[in-house]
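Have a look at the structure below before the remarks.
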Amino acid sequence: MLMNIKKLENINKKICSIFIITGEKFLFSFLISAAIFLSSCESRPIGGGGLNYYSKKPSEKASIFLKPVEQWRIEAGNIIEWKEGEFVAATGGQASSWSYASFEYNAVLKAPYLLTVSLNRISNDTDRPVELRFIGGFFGVSEDQWYLYESEKNWTGWQRSSSINSGENNLTIIHYGQTVRGYVNGVLVGSIRLNTPNSVGKPGVFFKGDPFKRSKVAFKNFTAIQR
């Protein structure tokens, strides 16, 4: 499943809509996994309390959308491979000391919501960050460190965590009010309070690479669950 539900904290029970990047062959297995996941969720408060993310039975309004690669807006870089809920991206933009890639997903989210993606850097520049872009900021990892970032004046700084793997990692954020919580592989690693909360926007992914080199990262199961 997308995340280790036994370790995730502060998740409740109600689905309004699900956006998932996947292929048609993945739909059946996704539905089975979702049913197991929803049946195991417990009622727990989050933020100021009272927010329900999940229920044992999905809402009648819940929808599942199968989105092709064209739903990603390429801001910098290239998508070089696409298959069944997964794509491999490469850097294309160039700053003074690093290359970069940035992709925005064409779906508008409104807080509160949960956003998750699994990622794996397949080039050697593992010291460069890979980020999950939420509404108003970024949740990034690099080797054994992570950060939550809104601006230069408001971010956690680099923080170490033993939850970060050397290969594939799952990043998840829960955005509720002005608070954003970050999870790595199902473990809550930290949170940030946004100074300028943005409740509506489009999510995405971003990563950096070594200068003048083609860095590559694989992303899969990019999913948003919105109240």
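For the condition modelled with pLDDT under 85 and polar (S, T, N, Q), S118 does not qualify.
For F138, the criteria (1) buried (at least 16 other Cβ atoms within 10 Å of the Cβ); (2) not in a strand (DSSP E or B) hold in every case but one, which is (2).
Here no strands (runs of 3 or more DSSP E) wholly within segment 67-111 include at least 3 residues being over 17 Å from G137 (Cα atoms) and among the hydroxyl-bearing types (S, T, Y). One residue stands out in segment 211-227 among those that are aromatic (F, W, Y) and buried (at least 22 other Cβ atoms within 10 Å of the Cβ): the one that is nearest to W158 (Cα to Cα), namely F219. Flag not set for S63, criterion: surrounded by fewer than 14 Cβ atoms within 10 Å (Cβ to Cβ), at pLDDT 90 or above and more than 15 Å from K216 (Cβ to Cβ).
Among the conditions (1) in contact (Cβ under 8 Å) with a residue 12 or more places away in the chain; (2) assigned to a loop (DSSP other than H, G, I, E, B), the only one that N124 does not satisfy is (1).
Quick one: in segment 185-227, which of the residues that are among the β-branched types (V, I, T) and modelled with pLDDT under 90 is nearest to V88 (Cα to Cα)? So the residue we want is T223.
The values are calculated or read from the model by the stated rules, or taken from the named source; none is laboratory data. Predicted, not measured: the structure shown is a model, and the values here were computed from it. Neighbour counts run over all protein chains shown; Cβ positions are idealised from the backbone, glycine included.
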